[in-house]
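Structure, as structure tokens:
The values are calculated or read from the model by the stated rules, or taken from the named source; none is laboratory data. Keep in mind that what you see is a predicted model, and the values were worked out from it rather than measured. Cβ placement follows ideal geometry from the backbone for every residue including glycine, while neighbour counts extend to all protein chains displayed. Only protein heavy atoms, including side chains, enter the accessible area calculation; ligands, DNA and RNA are left aside. Shrake-Rupley method; radii C 1.70, N 1.55, O 1.52, S 1.80 Å.
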Amino acid sequence: QLYLDRIATHNEALNAFVHLDADHVLAQAQASDAYRAKHAPRPLEGLPIAVKDIFCTQDGPTRCCSNILDGFNAPYDAHVITRLKEAGAVLVGKTNMDEFAMGSSTETSAFGVCRNPWDVSRIPGGSSGGSASAVAAALTPAALGTDTGGSIRQPAALCGITGLKPTYGRVSRRGIIAFASSLDQAGPMTRSVRDAAMVTAAMSGHDSGDATSVSDAPELDWLAACDKTDMKGLRIGKPKEYFVDGMDAGVRASVEAALKQCEALGAEIVDISLPHTEYAVATYYVIAPSEASANLSRYDGVRFGRRCDEPEDLLDMYTRSRDEGFGSEVKRRILTGAFALSSGYYDAYYLKAQQVRTLIQQDFLQAFEQVDVIATPTSPVTAFAVGEKTDDPLTMYLADIFTLALNLAGLPGLSQPCGMVDGLPVGLQWIAPAWREDVLLGAASAYE
Ligand code: GLN
């Protein structure tokens with residue numbers, strides 16, 4: 001009830017929630033109370049969790065904040081939603097996002113712009129901006145996001161909260177509306193590192209219904225990883241490619257101050273190089289739209305959601321349903337991706353991008369021969385003004401310059417707050433080897 005009251009007071013200004021059924025939320029909370037009266041509490045007993053509108057949930061609409069999914073009700077819960085329910089969580093509703101998770105500002109949503117609670121004239125980051133805004137404003141203690149190129153970590157940084165993107169394959173993607181299948185991964189957005197660990201522990205695990213969910217992923221002691229209070233013996237890599245001219249001077253100073261504090265906690269800071277970093281944005285913006293163009297071909301006006309009125313014939317139904325249903329950023333991605341995959345261009349673009357992806361992966365593997373963990377800024381800038389980048393997609397694409405390389409490599413990453421510049425939060429990003437979320441959580445807990 002406390003959180004529902006806060007949502008009722010603040011959601012109008014923030015537009016963080018797009019679907020919410022208060023009676024249904026309270027009914028779940030009462031069911032949790034009833035369970036607790038008879039049994040030992042489950043790991044997330046009674047904990048309210050909001051979820052991005054990209055997760056299929058049986059109770060209520062799932063729209064991916066797109067008009068093309070108008071009228072769609074998912075026939076089943078995403079695997080992670082089932083796991084959260086089994087852990088005793090109370091689902092608080094669906095949060096705002098960029099349409100189909102394509103964006104860095106939560107401005108392309110069919111439900112309108114979402115706002116940053118630190119300054120409502122600014123964006124919360126994206127694409128999981130609604131989840132970040134809701135957690136930062138304490139409309140919910142925790143939320144889920146998805147991260148294809150930074151969509152958990154960048155909004156977490158811009159809203160001053162913690163966000164964790166697990167290793168690719170740790171969390172099932174079944175029932176999460178696909179954007180770029182080889183990059184997408186779901187994770188928590190919370191107010192502390194320990195909360196992020198608790199939620200990840202509950203949501204992760206093998207799912208035979210997702211071929212990319214890994215069956216022999218190393219088990220971690222998620223909560224014990226958060227007991228670290230110092231960094232003795234920890235070798236932290238500081239990649240020179242992530243501290244560059246053109247980034248905000250205040251962001252750079254905050255992250256460098258954070259690294260000094262890590263040294264005081266016993267860490268050794270090691271200068272490293274990830275030489276193919278400069279190709280990450282270009283590589284991502286070939287691979288992600290290519291996969292998106294294939295994934296989004298299923299929205300044909302027949303199987304899901306919206307169909308145009310009075311189609312003349314089948315082709316007219318397909319083209320008009322898609323034209324009316326998709327926003328302009330989604331259309332831009334479909335066109336770019338279909339172009340990159342088309343015969344004659346495939347080798348020059350998609351295949352080449354996959355080769356560069358391997359080089360980017362190798363950069364990280366080599367770096368982790370020298371260091372245990374890598375620290376960088378999460379975003380080169382703090383939260384920008386609503387409308388500032390909407391006319392220039394290329395500048396918007398640069399918002400993820402520090403986050404998307406690790407998605408290309410499948411690695412886990414965590415963003416946590418590390419200071420303020422002009423009243424706006426700055427994020428510190430940790431990157432660990434695959435399956436070593438415990439290293440991320442340990443470093444972040446000691447720093448926190
Ligand atoms: N901003 C990036 C994009 O637009 C990443 C989005 C995401 O991680 N879902 O593709």
### Unmet requirement for Thr108, which otherwise passes all of (1) part of a loop (DSSP other than H, G, I, E, B); (2) farther than 19 Å from Leu14 by Cβ; (3) not small (Gly, Ala, Ser)
(2)
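Is it the case that Ser215 is open to solvent by less than 10 Å² (accessible area, probe 1.4 Å), of a type outside the set (Val, Ile, Thr) and touching a His at 6+ places or on another chain (Cβ under 8 Å)? Walk me through it before giving the result.
Details: open to solvent by less than 10 Å² (accessible area, probe 1.4 Å): no; of a type outside the set (Val, Ile, Thr): yes; touching a His at 6+ places or on another chain (Cβ under 8 Å): yes.
No: the conditions fail for Ser215.
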### Task
Go over the candidates Val80, Val113 one by one and state the one that is in a loop (DSSP other than H, G, I, E, B), aliphatic (A, V, I, L, M) and in contact with a Ser or Thr (Cβ under 8 Å, 6 or more places away or on another chain).
Val113
### Query
Which one is most open to solvent (accessible area, probe 1.4 Å) among residues in the stretch 11-35 that are within 20 Å of Asp98 (Cα to Cα) and assigned to a helix (DSSP H, G or I)?
Glu12
## Note on the structure
In the stretch 308-326, anything surrounded by 11 or more Cβ atoms within 10 Å (Cβ to Cβ), more than 35 Å from the chain's Cα centre (by Cα) and not in a helix (DSSP H, G or I) is listed as Pro311
### Task
Answer yes or no: is there a residue in the stretch 142-149 that is within 13 Å of the ligand (Cβ to nearest atom) and farther than 30 Å from Ala8 by Cβ.
yes
### Query
Do you know which of the residues in the stretch 284-301 that are touching a Lys or Arg at 6+ places or on another chain (Cβ under 7 Å) and part of a loop (DSSP other than H, G, I, E, B) is farthest from the ligand (Cβ to nearest atom)?
Gly301
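Scan the stretch 36-59 and tell me whether some residue there is assigned to a helix (DSSP H, G or I), touching a Lys or Arg at 6+ places or on another chain (Cβ under 9 Å), over 23 Å from Arg194 (Cβ atoms) and touching a residue at least 12 places away in the same chain (Cβ under 8 Å).
Within the stretch 36-59, the subset assigned to a helix (DSSP H, G or I) is 36-38.
In the following step, the residues that additionally are touching a Lys or Arg at 6+ places or on another chain (Cβ under 9 Å) were identified as 36.
Still in the list and also over 23 Å from Arg194 (Cβ atoms): none.
No, the stretch 36-59 contains no residue that is assigned to a helix (DSSP H, G or I), touching a Lys or Arg at 6+ places or on another chain (Cβ under 9 Å), over 23 Å from Arg194 (Cβ atoms) and touching a residue at least 12 places away in the same chain (Cβ under 8 Å).
Of a type in the set (A, V, I, L, M) and more than 11 Å from the ligand (Cβ to nearest atom): is that true of Ala101 in this structure?
no
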### Query
Within the stretch 168-178, can one find any residue that is surrounded by fewer than 23 Cβ atoms within 10 Å (Cβ to Cβ) and either over 14 Å from the mean Cα position of the chain (by Cα) or within 14 Å of Gly427 (Cα to Cα) (or both)?
yes
## Note on the structure
Scanning the stretch 385-408 residue by residue, those open to solvent by 10 Å² or more (accessible area, probe 1.4 Å) and either touching a strand residue (DSSP E or B) at 6+ places or on another chain (Cβ under 9 Å) or part of a strand (DSSP E or B) (or both) turn out to be Ala385, Val386, Glu388
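Here is a yes/no grid of residues against (1) over 24 Å from Thr376 (Cα atoms); (2) at pLDDT 95 or above; (3) touching a strand residue (DSSP E or B) at 6+ places or on another chain (Cβ under 9 Å):
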position	(1), (2), (3)
Thr146	no, yes, yes
Ser151	no, yes, yes
Gln154	no, yes, yes
Thr162	no, yes, yes
Arg173	yes, yes, yes
Ala180	yes, yes, no
### Task
Answer yes if at least one residue in the stretch 66-81 is over 22 Å from Pro412 (Cβ atoms), in contact with a helix residue (DSSP H, G or I) (Cβ under 7 Å, 6 or more places away or on another chain) and within 16 Å of the ligand (Cβ to nearest atom), and no otherwise.
yes
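Could you say whether any residue in the stretch 248-257 is surrounded by fewer than 19 Cβ atoms within 10 Å (Cβ to Cβ) and within 22 Å of the chain's Cα centre (by Cα)? Give the derivation first.
Initial filter on the stretch 248-257 (surrounded by fewer than 19 Cβ atoms within 10 Å (Cβ to Cβ)): 248-250, 252-253, 256-257.
If we keep only those that are within 22 Å of the chain's Cα centre (by Cα) too, we end up with none.
No: zero hits.
Listed here are the residues, each with its yes/no results for (1) farther than 30 Å from Val381 by Cβ; (2) in contact with a Lys or Arg (Cβ under 9 Å, 6 or more places away or on another chain).
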residue	(1), (2)
Ala217	yes, yes
Tyr242	no, no
Ile272	no, yes
Pro275	no, no
Arg303	yes, no
### Query
Which residue pairs have Cβ atoms under 6 Å apart, sit 6 or more places apart or on different chains, and have a first residue in the stretch 409-424 that is more than 11 Å from Tyr168 (Cα to Cα) and a second that is part of a loop (DSSP other than H, G, I, E, B)?
Ser415/Thr378; Pro417/Gly160; Val421/Thr382; Leu424/Trp118; Leu424/Thr382; Leu424/Ala383
### Task
Could you check how many residues of the stretch 409-446 are assigned to a helix (DSSP H, G or I) and more than 15 Å from the ligand (Cβ to nearest atom)?
10
### Task
Please state which one of Thr283, Thr277 is surrounded by 15 or more Cβ atoms within 10 Å (Cβ to Cβ), farther than 18 Å from Ala432 by Cα and not small (Gly, Ala, Ser).
Thr283
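Quick one: is Asp400 acidic (Asp, Glu) and either free of Cβ contacts under 8 Å to residues at least 40 places away in the same chain or away from the ligand (no atom under 12 Å from the Cβ) (or both)?
Values: acidic (Asp, Glu): yes; either free of Cβ contacts under 8 Å to residues at least 40 places away in the same chain or away from the ligand (no atom under 12 Å from the Cβ) (or both): no.
Taking the combined requirement at face value, the residue does not satisfy it.
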